[in-house]
Structure formats: structure tokens, C-alpha cells
Amino acid sequence: MIISTYNVNSINARLANLLNWLDKTSPDIVLLQELKCDFNSFPFFEINSAGYEAKIVGQKSYNGVAVLSRYKIKVIHESLPCFEDENARYLETIVNVKGKNIRTISVYFPNGNPPYNNPDDTSKFIYKLKFTDAFYEHMRKLLLTDEKIVIGGDFNVILTENDVYNPKLFINNALYKDSVKRRLKALMHLGLYDAFRTLHPLDNGYTYWDYAQRAFEQDLGLRIDYLMLSARAIDGIKKCYVDKAVRAGEKPSDHTPLTVELEL
């Protein structure tokens, strides 16, 4: 079972790249973020033609998440339970793989940094913390079920110094604040396992490189995309890896796919 998470940064702008990657790698399930399109603009025909069913929560020009699967998808939640949010950031589904259910969640956490023209505005950071707290509460309940759970997404959190090319540059960034890192660690204490770090404790594992300053060519990256697995899912882990080839392609997203291979 191959499951990937990928912040595609506008699915219609990256559609050729996405379809090429799907054809080459054939993941069973793909968790997408930042679709930047509403339901009617989503390329269902092309995705279905590539062999995938698609369930999405769309939003024009911003946000948006999706689950693509070679197997049947049942939608459970189209937004984070018990959290009022006008933004399309959360999609929870059940994928049935040959009689075995996997609860799959695609999530796009808020960035939290203030607008460039108003650096004293903390509203986006407060929203980030509230979203993360609501996510924690939902996970606390879900993890009592002892299901196979795979959560993939852009968490917008730099957890350690090993997850960023230069920690000093991000001291005041919302992705690296202590209150944000504590919340991600709290999620792990509930019983979620960071798939990449489970197998690669020392590798940087960058999944994002800014478009500016030739960041990708110089490997000035961040690890902000995660695959988080429940105990029953992590038991079957075989591999977890970052696919840099997609970021090196023509007209790429600023993120690249992160993939886990599981034995069910």
C-alpha cells in the first residue's frame, strides 16, 4: 500500500506534473492540499482517467484538500468537527482496501504569519492555534478507536532545527514558534507517529523550497509536510521517502510529495 501527501499549490496549474507523477509512481492513495479551486473547477475527468476516484473540499483561489484513491472512498467529514471554519482545510474519509478500512485525512494547517502590510496583526496566528487545538481534540477521540489512521498534509510546522536549512532565520516565524511546536508534539504524545522520522531520524527530509533565491538548487528547504500514522498503521511501515524529482520538474509546486509504503 503506497500513500502520498502532496501540497500541489494549485491543481490546475500543476495538472500535467501531477498526472505524470501519478503515472510514474502509481500510489494507491494521494492526499492533496492547496487545490486552489472550487468543486466545479476540479479536474475530475483527468483524475478519473488516470485511475483514481477523487473526493474534494474546494475553495476558489485558496486552500482546498482532496483524497484520491484507486479504491472506494467514503467521506466522513468535510471540515474539522466542532470547529467553525469558512476555509477548506480538512477532509476525512474511509478508504476500503480489499476489505480493510483505512481512515485517511488530508489536512492543510494555517500558516499563521501576519500580512506583509500589517506585521502586528496576530489574527492569523490565533486562528492557527485554534485550528490546531480543535484538530488535537478530534484526534484524541479518533485514536481511542484503534483504527488504521493515516493523516497527510501541510502542517506548516518546523518541529526541530534539523527540519530547516537555517533555524536562526525562522526564530520569529509562525511555523517555528514554541507554542506551535508544542502542539505538534502533543499530537504525537496522543499516539500519532511521524512516518518519515520513524525511519529517518537524522535526514533533513525537506518537503518545501521557496521559489525565490534558487532555494531548491541550494537545498534551502523546510520539512513542513508530514504523514502521521496511528499505532496500528505504523506497525506496517516499510518505507517513507521524499520525492524530490517532482520539485525539480517544469513549473513545479513549491512542495514535493512525501510517500509511505505500508504492509496492511
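The values are calculated or read from the model by the stated rules, or taken from the named source; none is laboratory data. As the structure is a prediction and not an experimental result, all values here were calculated from the model. Methodologically, a virtual Cβ is constructed for each residue, glycine included, from the backbone with ideal geometry; neighbour enumeration extends over all protein chains shown.
Miscellaneous remarks
- Residues of segment 5-15 that turn out to be β-branched (Val, Ile, Thr), assigned to a loop (DSSP other than H, G, I, E, B) and in contact (Cβ under 8 Å) with a residue 60 or more places away in the chain, as a count: 1
- Qualifying positions in segment 61-76 - surrounded by fewer than 16 Cβ atoms within 10 Å (Cβ to Cβ) and in a strand (DSSP E or B): LYS74, VAL75, ILE76
Yes or no, residue by residue, for (1) surrounded by 15 or more Cβ atoms within 10 Å (Cβ to Cβ); (2) assigned to a loop (DSSP other than H, G, I, E, B):
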residue: ILE3; (1), (2): yes, no
residue: ASN17; (1), (2): yes, no
residue: ASP23; (1), (2): no, no
residue: LEU32; (1), (2): yes, no
residue: LYS36; (1), (2): yes, yes
residue: GLU46; (1), (2): yes, no
residue: GLY51; (1), (2): no, yes
residue: LYS55; (1), (2): yes, no
residue: GLN59; (1), (2): yes, yes
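- If you go through segment 98-117 and keep only what is modelled with pLDDT of 95 or more and not in a strand (DSSP E or B), you end up with PHE109, PRO110, ASN111, GLY112, ASN113, PRO114.
- Here the condition is being within 19 Å of the chain's Cα centre (by Cα) and surrounded by fewer than 18 Cβ atoms within 10 Å (Cβ to Cβ); of LYS168, LYS148, LYS141, LYS181, it holds for LYS181 alone.
- Test for SER79: is it modelled with pLDDT of 95 or more, assigned to a loop (DSSP other than H, G, I, E, B) and on the phi > 0 side of the Ramachandran plot: no
- Every residue from segment 215-231 that is surrounded by 15 or more Cβ atoms within 10 Å (Cβ to Cβ) and not hydrophobic (A, V, I, L, M, F, W, C): GLY221, ARG223, ASP225, TYR226, SER230
- Of all residues in segment 218-231, those that are farther than 23 Å from ASN166 by Cα and at pLDDT 95 or above have Cβ atoms under 8 Å from Cβ atoms of residues that are assigned to a loop (DSSP other than H, G, I, E, B) and among the aliphatic types (A, V, I, L, M), 6 or more apart or on another chain, in MET228/LEU192; LEU229/LEU192; SER230/LEU192.
- Taken over segment 197-213, the criterion of being charged (D, E, K, R) and either touching a residue at least 40 places away in the same chain (Cβ under 8 Å) or closer than 22 Å to VAL8 by Cβ (or both) is satisfied by ASP210 alone.
- Evaluating VAL246 against the criteria (1) assigned to a loop (DSSP other than H, G, I, E, B); (2) among the β-branched types (Val, Ile, Thr); (3) out of contact with any strand residue (DSSP E or B) (no Cβ under 6 Å at 6 or more places or on another chain) leaves one unmet condition, (1).
- For SER79, the criteria (1) over 17 Å from the mean Cα position of the chain (by Cα); (2) farther than 23 Å from LEU262 by Cα hold in every case but one, which is (1).
- Of the residues LYS24, LYS36, LYS60, the single one that is basic (Lys, Arg), more than 25 Å from MET1 (Cα to Cα) and over 18 Å from the mean Cα position of the chain (by Cα) is LYS60.
- Beta carbons closer than 6 Å, at least 6 apart along the sequence or on distinct chains, pair a first residue in segment 145-173 that is in contact (Cβ under 8 Å) with a residue 12 or more places away in the chain and farther than 21 Å from ASP203 by Cα with a second that is of a type in the set (Ser, Thr, Tyr) and buried (at least 23 other Cβ atoms within 10 Å of the Cβ) for ILE149/SER230; VAL150/THR104.
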